[in-house]
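Engineer: A single structure is presented below for examination.
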Ligand SMILES: CC(C)(C)c1cc(CCc2ccccn2)cc(-c2ccc(S(=O)(=O)CCO)cc2)c1
């Protein structure tokens with residue numbers, strides 16, 4: 001896989017997105033627009049040639065599942081339909097390697113906008129702790145989704161292509177800490193999640209509609225996804 005032509009871009013963007021996700025939301029740049037329990041969703045108002053592109057950053061923390069389990073289920077094509085209610089069709093155009101897939105997905109139409117699709121590579125990777133000394137015991141996991149081209153792109157012009165850059169970064173902490181030799185149970189797992197997305201809708205869509213979709217859909221999506229993974233994993237052995 002390291003020889004694939006996309007590899008340098010995948011490597012570069014994944015590490016850039018990791019840095020971006022780990023930046024705080026201080027400084028007044030980010031506007032808190034939704035808060036539900038541990039989940040906080042921020043956005044920046046940004047328009048590109050009259051289109052709403054509003055970068056989004058959501059932070060959440062959940063108990064009972066690991067960063068590995070969260071990232072795997074976010075990346076895996078096998079379970080995409082179980083949690084992502086915004087898509088109508090999904091095709092795996094290419095498997096670049098065991099951790100990188102090229103997806104083509106058709107999203108459900110959102111009235112009154114035209115139907116949209118997305119073609120992107122999706123890469124999942126674990127990042128070893130950078131400061132194992134100060135108790136940062138577990139790996140950080142990241143999924144990075146980036147729009148790309150592909151020879152099998154149907155390009156039938158039937159719908160509008162969105163341009164997206166998405167990253168989903170998670171890290172697990174053992175909280176409360178367990179004593180030496182004591183078994184870690186799912187009750188000890190605390191996973192912090194940062195979800196960042198910049199999606200150019202790719203064609204005319206009223207700012208009011210897009211912003212309404214953001215406000216409505218994104219909080220639901222992240223809550224639904226994390227609940228789905230928690231329920232799916234609760235009876236399984238813990239995958240760190
Ligand atoms: C609303 C907007 C941000 C522009 C938007 C519009 C549409 C297309 C559907 C749609 C929605 C609303 C208005 C028009 N079209 C899709 C997405 C989108 C695609 C992918 C991902 S992902 O995190 O990679 C999970 C894999 O599916 C998240 C969001 C976003």
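Engineer: Just to be sure I follow: if Rg is taken over the C-alpha atoms of region 33-79 and Rh is the Kirkwood radius over the same atoms, what is Rg/Rh?
Structural biologist: 1.12
Engineer: How much length, in nm to one decimal, is gained on full extension between residue 7 and residue 153, taken as 0.36 nm per residue of separation minus their Cα-Cα distance?
Structural biologist: Between residue 7 and residue 153, full extension yields an extra 50.6 nm.
Engineer: Also, quick follow-up: What is the Cα convex hull volume of the chain when expressed per residue in Å³?
Structural biologist: Spelled out: Cα convex hull of the chain, divided by residues, is 142 Å³.
Engineer: For region 1-132, what does the alpha-carbon gyration tensor say about shape, rounded, prolate or oblate, given a ≥ b ≥ c as the root eigenvalues, a/c under 1.5 as rounded, and a/b over b/c as prolate?
Structural biologist: The shape class here is rounded.
Engineer: What residue among 99, 163, 175 has the largest mean-square fluctuation in a Gaussian network model of the chain, using Cα springs under 10 Å?
Structural biologist: 175
Engineer: How much space per residue, in cubic angstrom, does the convex hull of the C-alpha atoms of region 1-40 take up?
Structural biologist: Cα-based convex hull of region 1-40, divided per residue, equals 113 Å³.
Engineer: Against the longest principal axis of the chain, how steep is helix 207-233, in degrees 0 to 90 to the nearest 10, with axes from Cα atoms?
Structural biologist: 40 degrees
Engineer: Roughly speaking, what is the centre-to-centre gap between region 37-52 and region 104-124 when only Cα atoms are used, to the nearest Å?
Structural biologist: 18 Å
Engineer: For region 123-240, treating each Cα as an identical point scatterer without solvent, what Debye log10 I(q)/I(0) comes out at q = 0.13, 0.14, 0.16, 0.19 1/Å?
Structural biologist: -0.74, -0.82, -0.97, -1.17
Engineer: Helix 7-22 versus the longest principal axis of the chain: what angle, 0 to 90°, nearest 10, using Cα atoms?
Structural biologist: The angle comes out near 70 degrees.
Engineer: OK, next. Radius of gyration and Dmax for region 76-189's Cα atoms, expressed in Å?
Structural biologist: 18.9, 60
The numbers here are math on the coordinates, done by the rules we state, and not lab data. Values in this document were obtained by computation on a predicted structure and should not be read as measured data.
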